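Participant: Mind looking over this structure? Questions follow.
The values are calculated or read from the model by the stated rules, or taken from the named source; none is laboratory data. If you're wondering where the values come from, they're calculated on a predicted model, not measured in any experiment. Methodologically, a virtual Cβ is constructed for each residue, glycine included, from the backbone with ideal geometry; neighbour enumeration extends over all protein chains shown. Quick note on the areas: whole protein, heavy atoms, side chains included, nothing else; ligands and nucleic acids left out. Shrake-Rupley method; radii C 1.70, N 1.55, O 1.52, S 1.80 Å.
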Amino acid sequence: MKSLFISTLVVIVLITSWIIIYNFIDESVTDINSNLTIMEAKVHDANWDSTSSIYKTIDKKWEETKKVLMLILDHEEMEKINLTLRKIEKFISIEDKSLTLGEIATLKYLFSHVEEKESLSLKNIF
């Protein structure tokens with residue numbers, strides 16, 4: 001009976017931890033993706049000062065988020081996000097509309113992929 005109690009307790013702790021972590025990921029990805037959508041509109045309008053300001057906000061949010069995600073995510077995924085962010089920064093500085101928009105789309109995909117990978121679904125369990 002004692003081992004059943006301990007096993008149940010461990011499962012509850014694991015599920016609770018997963019819920020907390022997933023909520024953090026979901027909140028962070030939603031926030032960053034909404035900023036990416038705004039940045040995309042600013043790039044379409046060729047408003048590079050606003051685009052740069054939004055980029056700094058996204059980069060700051062990512063720096064805060066990645067400290068936690070380093071513990072749970074595949075480091076290759078994080079490196080792809082870091083690389084894409086650096087590309088966006090450079091493309092904004094040279095005011096290249098098409099390359100910036102392409103990298104924004106890539107970054108949106110990478111964030112949604114991370115969120116999907118960490119979700120509790122049958123695909124991720126089996």
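Participant: Using a Förster radius of 25 Å, what is the FRET efficiency between Ser93 and Asp26 based on their Cβ-Cβ separation? Nearest 0.05, please.
Facilitator: E(calc), rounded to 0.05, equals 0.20.
Participant: Using the structure shown, select from Lys67/Lys97; Lys42/Lys108; Lys60/Lys90 the pairs with a Cα to Cα distance greater than 25 angstrom.
Facilitator: Beyond 25 Å: Lys67/Lys97.
Participant: While we're looking at this one, here's another question. Report ³J(HN,Hα) in whole Hz for each residue of the range 47-63, in order, from the Karplus equation J = 6.51 cos²θ - 1.76 cosθ + 1.60 where θ = phi - 60°; Gly and Pro get x.
Facilitator: Each residue's phi maps through the Karplus curve to give 9, 6, 5, 5, 4, 5, 5, 5, 4, 4, 5, 5, 4, 5, 4, 5, 4 Hz.
Participant: Which value in deg cm²/dmol, rounded to the nearest 500, describes the helix-derived mean residue ellipticity at 222 nm for the chain, given -39,500 (n - 2.57) per DSSP H run of n ≥ 4 and division by the residue count? Before the final figure, lay out each step's value.
Facilitator: Details: 5 runs with 110 residues, N = 126.
It comes out at -30500 deg cm²/dmol, rounded to the nearest 500.
Participant: Would you list Lys87, Lys61 from the most to the least accessible area, probe 1.4 Å?
Facilitator: Descending accessible area places them as Lys87, Lys61.
Participant: Leaving ligands, DNA and RNA out of it, report the carbon-plus-sulfur percent of the accessible area of the chain at a 1.4 Å probe.
Facilitator: Values: 5000 of 8020 Å².
Answer for the chain: carbon and sulfur cover 62 percent of the accessible area.
Participant: Now a separate question. Can you tell me the equivalent ellipsoid semi-axes for the chain? Use √(5λ) from the Cα gyration tensor, largest first, whole Å.
Facilitator: For the chain, the ellipsoid semi-axes come out as 37, 12, 12 Å.
Participant: Another question, then. Based on alpha-carbon centroids, what's the gap between the range 1-71 and the range 90-116 in Å, whole number please?
Facilitator: Cα centres, the range 1-71 to the range 90-116: 17 Å.
Participant: Each residue of the range 15-24 in turn: what ³J(HN,Hα) in whole Hz from Karplus with 6.51, -1.76, 1.60 and θ = phi - 60°, glycine and Pro shown as x?
Facilitator: 5, 4, 4, 4, 4, 5, 5, 5, 4, 4
Participant: Can you give the angle from 0 to 90° between the axis of helix 75-93 and the longest principal axis of the chain, with both taken from C-alpha atoms, to the nearest 10?
Facilitator: 20
Participant: Over the chain, give the accessible area per residue in Å² for a 1.4 Å probe, as an integer.
Facilitator: 64
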